[in-house]
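**Q** Sending over a structure as structure tokens; questions will come in a sec.
The values are calculated or read from the model by the stated rules, or taken from the named source; none is laboratory data. Because the structure is predicted, anything quoted here is derived from the model rather than measured. All Cβ positions, even for glycine, are placed from backbone atoms using ideal geometry, and neighbour counts span all protein chains on display.
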Amino acid sequence: MFSISPVQAMNFDGRSIYIKRDDLLHADFSGNKARKFYHFLHHDYSHVTQLVASGSAQANSLYSLSVLAKLQGWKFDYYVSHINTFLLQHAQGNYAAAIQNGANIIDVSHLADAENLQGMHLDDAMQYIVSSHPNYTDKNQLLFIPEGGRCGYAETGITQLASEIIQWAQDRRLNELMVFLPSGTGTTAAYLNKQIIQQLTQLSLTEVFAIEVLTCSTVGGDKYLRQQFSQLVDEIYFPRIINDGHKYHFGKLSQRCFDMWKTVCQSGIEFELLYDPVGFLVLQHYLNSQAVSATNVLYIHQGGALGNKTMLPRYQRKFPHSV
């Protein structure tokens, strides 16, 4: 369903870097979500009738999963911790598109047994909901995907991404390559680093190519990210986490992020407003503070530009003089 995503050179902060254009993989499955959900498009799930997932009401995964459910003919329940009033009154972006695809978006605070979920993290609440909801008793017909696609199935598509990167590096004879991407749950970064290490070993190329995966946290900080890695891969496969000394709160509007987004979009490539600005801010800091001038950098585009329809108006309202 997906072809190999192209790689494009881009000027960034006075140097040339490469962009892995995963935003061009597919109109409905782009960026890391295309890689994470690849497994479900290429394996038999004919026994499934109900898809259940959770996350933010503006998440890229919400839209991609709604398309997956529509393609497969599944019912789709998507749980959120809250939906802000503006979005309820002015449905747009991933939220509106998912509803059009038939997604049933459920605010857990409005559930009949919401008292049992008070104080729970959404991940913990989902364990309770999936195990106790009367509509989810037949587990054979149920497919539950944790927030952000954080599950072993995600490795299938990320394995392909690793293969594409290694082949591209071979074709261009790039013996040293730094692969960088921002992380939410850390799923893509963890599996990507694992697969690059394993595939280079299998191809007997570890002495020829030095390919390292670096990432940064956009949610919860470095400690949280390491905790997420530990649920997915052995420590030897942990990607290197870098930061710029700033604490980023997921989805919180920031003048620095908005300015960076506008700067990188001047390249002619549209980036999304949640992950990419943080990624480029941290990457800029790292490149300016380290002796890495000769290193080739490959940035993995996060896809999800549909979410800009929600995020951009928020930025325009908060920072009207910087638009």
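**Q** For the stretch 15-34, which residues satisfy the criterion of being part of a strand (DSSP E or B) and aliphatic (A, V, I, L, M)?
**A** Keep residues of the stretch 15-34 that are part of a strand (DSSP E or B), which gives 15-20.
Within the stretch 15-34, Ile17, Ile19 qualify.
**Q** Can you tell me which residues in the stretch 35-76 are part of a helix (DSSP H, G or I), among the hydrophobic types (A, V, I, L, M, F, W, C) and either over 18 Å from Glu272 (Cβ atoms) or not assigned by TED's automatic domain parsing to the domain that holds Leu88 (or both)?
**A** Filtering the stretch 35-76 down to residues part of a helix (DSSP H, G or I) leaves 35-36, 38-41, 60-72.
If we keep only those that are among the hydrophobic types (A, V, I, L, M, F, W, C) too, we end up with 40-41, 62, 65, 67-69, 71.
Residues satisfying the conditions are Phe40, Leu41, Leu68, Ala69, Leu71.
**Q** Among what's in the stretch 77-93 and is under 21 Å from the mean Cα position of the chain (by Cα) and assigned to a loop (DSSP other than H, G, I, E, B), pick the residue that is nearest to Arg317 (Cα to Cα). Spell out how you get there, then give the answer.
**A** Within the stretch 77-93, the first condition is being under 21 Å from the mean Cα position of the chain (by Cα), and the residues that meet it are 77-83, 92-93.
Subsequent filtering for residues that are assigned to a loop (DSSP other than H, G, I, E, B) retains 81-83, 92.
Numbers: Ser81: 24, His82: 21, Ile83: 19, Gln92: 16 Å.
Checking each candidate, the answer is Gln92.
**Q** Which condition number does Val282 fail, the rest of (1) β-branched (Val, Ile, Thr); (2) touching a helix residue (DSSP H, G or I) at 6+ places or on another chain (Cβ under 9 Å); (3) assigned to a helix (DSSP H, G or I) being met?
**A** (2)
**Q** Filter the stretch 103-115 down to the residues that are exposed (fewer than 13 other Cβ atoms within 10 Å of the Cβ) and either at pLDDT 95 or above or over 26 Å from Gly307 (Cβ atoms) (or both) and list them by number.
**A** Residues satisfying the conditions are Ala112, Asp113, Ala114, Glu115.
**Q** Are there any pairs, at least 6 apart or on different chains, whose C-beta atoms fall under 6 Å, with the first in the stretch 132-147 and touching a residue at least 40 places away in the same chain (Cβ under 8 Å) and the second of a type in the set (Phe, Trp, Tyr) and surrounded by 11 or more Cβ atoms within 10 Å (Cβ to Cβ), and if so, which?
**A** Leu142/Tyr136
**Q** Go through the stretch 204-220 and give me each residue that's surrounded by 14 or more Cβ atoms within 10 Å (Cβ to Cβ) and not in a strand (DSSP E or B).
**A** Residues of the stretch 204-220 surrounded by 14 or more Cβ atoms within 10 Å (Cβ to Cβ): 205, 209-220.
Within the stretch 204-220, Leu205, Phe209, Thr218, Val219, Gly220 meet the criteria.
**Q** Okay, next question. Inspect the stretch 112-126 for any residue being outside the structural domain of Asp244 (by TED's automatic domain parsing) and under 18 Å from the mean Cα position of the chain (by Cα) and give the result as yes or no.
**A** Filtering the stretch 112-126 down to residues outside the structural domain of Asp244 (by TED's automatic domain parsing) leaves 112-126.
From what's left, under 18 Å from the mean Cα position of the chain (by Cα): 122-123.
Within the stretch 112-126, one or more residues are outside the structural domain of Asp244 (by TED's automatic domain parsing) and under 18 Å from the mean Cα position of the chain (by Cα).
**Q** Here's a follow-up. Please determine whether any residue of the stretch 3-22 is closer than 23 Å to Val219 by Cα, under 16 Å from the mean Cα position of the chain (by Cα), buried (at least 18 other Cβ atoms within 10 Å of the Cβ) and outside the structural domain of Arg172 (by TED's automatic domain parsing).
**A** no
**Q** Which one of Ser64, Ser30, Ser54, Ser46 is without any contact (Cβ under 8 Å) to a residue 60 or more places away in the chain, surrounded by 22 or more Cβ atoms within 10 Å (Cβ to Cβ), within 20 Å of Tyr153 (Cβ to Cβ) and polar (S, T, N, Q)? Break it down stepwise before answering.
**A** Numbers: Ser30 fails: without any contact (Cβ under 8 Å) to a residue 60 or more places away in the chain; Ser54 fails: without any contact (Cβ under 8 Å) to a residue 60 or more places away in the chain; Ser46 fails: surrounded by 22 or more Cβ atoms within 10 Å (Cβ to Cβ).
Just a single option satisfies the conditions, and that option is Ser64.
**Q** Among the residues of the stretch 74-91, how many are under 18 Å from Gln118 (Cα atoms) and either modelled with pLDDT of 95 or more or β-branched (Val, Ile, Thr) (or both)?
**A** Going through the stretch 74-91 one residue at a time, the tally reaches 3.
**Q** So is Ile83 surrounded by fewer than 17 Cβ atoms within 10 Å (Cβ to Cβ) and in contact with a strand residue (DSSP E or B) (Cβ under 8 Å, 6 or more places away or on another chain) or not? Step through it out loud before you land on a result.
**A** Numbers: surrounded by fewer than 17 Cβ atoms within 10 Å (Cβ to Cβ): no; in contact with a strand residue (DSSP E or B) (Cβ under 8 Å, 6 or more places away or on another chain): yes.
Considered against the rule, which asks whether it is surrounded by fewer than 17 Cβ atoms within 10 Å (Cβ to Cβ) and in contact with a strand residue (DSSP E or B) (Cβ under 8 Å, 6 or more places away or on another chain), Ile83 comes out as no.
**Q** Do we have Ile99 as buried (at least 17 other Cβ atoms within 10 Å of the Cβ) and over 21 Å from Arg150 (Cα atoms) here? So that I can check it myself, show each step before the final result.
**A** Details: buried (at least 17 other Cβ atoms within 10 Å of the Cβ): no; over 21 Å from Arg150 (Cα atoms): yes.
No; evaluated as a whole, the condition is false for this residue.
**Q** May I pose another question? Please determine, by comparing only the residues of the stretch 117-162 that are in a loop (DSSP other than H, G, I, E, B) and of a type in the set (A, V, I, L, M, F, W, C), which one is surrounded by the most Cβ atoms within 10 Å (Cβ to Cβ). Show your work before the answer.
**A** Filtering the stretch 117-162 for residues in a loop (DSSP other than H, G, I, E, B) gives 118-121, 133, 137-138, 146, 150-151.
Next cut, of a type in the set (A, V, I, L, M, F, W, C) only: 120, 151.
Working: Met120: 15, Cys151: 17.
Ranking the candidates gives Cys151 first.
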